[in-house]
Amino acid sequence: RRALEVEPHSVPDLDRLSAIFLKLKALPDAVKTLEAKTQVQLQMEERELAAATMFEIADLWRNQPGKNDLAGAALERVLEIEPSNRKAYEQALELFGKANDWRGYAQVMDRFLPNLVSDDEKVATLRELGRVQEQRLGAKQVAFLQYCRALQINPAVDEVREQVERLANETGSYDELAAVYEEIVENVPRGPLAERLYLTLAQVQDTKLDDAEAAET
């Protein structure tokens, strides 16, 4: 422990220390040593190696009863180092889901969203995020916003439109609903989908926002 306090650190020295701590089953000291190793690797611009070290920390905590929250925190640190690390993302979701830490689950999912490639995966992720916000966290207003984000990506998904309209009714978010529909319908080709969006928009403007002129337009 006194050696760990002596700086500057080098990776070989920290590896020796962590091996000793692990042999002695001094887990907190081993983790502290690996965290110091991560900092050294980041200073050396070795981000991939730093992420691998944080994975080691996550594995150490995951193997300890009741330490899933600390393992999850280590995986979140991986995502700070490498925001597009799919392995850390999937493992973090699994850990937070098992621990019923739905706030952590939602935060990881929202943070990783920009790294998803296909629109289909983004929509599916936002739908799951909306479901968690409403059913697990009781945040209907936030769920409404997540479904709106999904709708802006692909307005042709019937279930997403149904959820947006349902949550707008339940939360009174009619101004927001009208604004989203006005933005979306401008980019939708003329046809059945555009007709449905315009009809819904007109109904909201007329019956919910008391704006008959906008509804007529």
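Odds and ends about this structure:
- Criterion: within 23 Å of residue 14 (Cα to Cα) and not in a helix (DSSP H, G or I) - qualifying residue of 76, 45, 56, 80: 45
- Apart from one condition, residue 155 fits all of (1) open to solvent by 70 Å² or more (accessible area, probe 1.4 Å); (2) under 33 Å from the mean Cα position of the chain (by Cα); (3) in contact (Cβ under 8 Å) with a residue 12 or more places away in the chain; the exception is (1).
For every residue, the table says whether it meets (1) surrounded by fewer than 18 Cβ atoms within 10 Å (Cβ to Cβ); (2) in contact (Cβ under 8 Å) with a residue 24 or more places away in the chain.
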| site | (1), (2) |
| --- | --- |
| 106 | no, yes |
| 109 | no, no |
| 115 | yes, yes |
| 121 | yes, no |
| 125 | no, no |
| 128 | yes, no |
| 132 | no, yes |
| 136 | yes, yes |
| 141 | yes, yes |
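Yes/no matrix, rows are residues, columns are (1) over 31 Å from the mean Cα position of the chain (by Cα); (2) farther than 21 Å from residue 140 by Cβ; (3) modelled with pLDDT of 95 or more:
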| position | (1), (2), (3) |
| --- | --- |
| 164 | no, no, yes |
| 168 | no, no, yes |
| 171 | no, no, yes |
| 177 | no, no, yes |
| 185 | no, yes, no |
| 188 | no, yes, no |
| 198 | yes, yes, yes |
| 205 | yes, yes, yes |
| 217 | yes, yes, no |
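- Selection of the stretch 180-204 for residues being open to solvent by 30 Å² or more (accessible area, probe 1.4 Å), assigned to a helix (DSSP H, G or I) and either farther than 16 Å from residue 160 by Cα or of a type in the set (Asp, Glu) (or both) yields 182, 183, 192, 195, 198, 199, 203.
The values are calculated or read from the model by the stated rules, or taken from the named source; none is laboratory data. The shown structure was predicted, so the numbers you read here are calculated from the model rather than taken from an experiment. Please note: Cβ atoms are built from the backbone with ideal geometry, for glycine as well, and neighbour counts cover all protein chains shown. The protein model used for the area step is the full one, side chains on, heavy atoms only, and it has no ligands, DNA or RNA in it. Shrake-Rupley method; radii C 1.70, N 1.55, O 1.52, S 1.80 Å.
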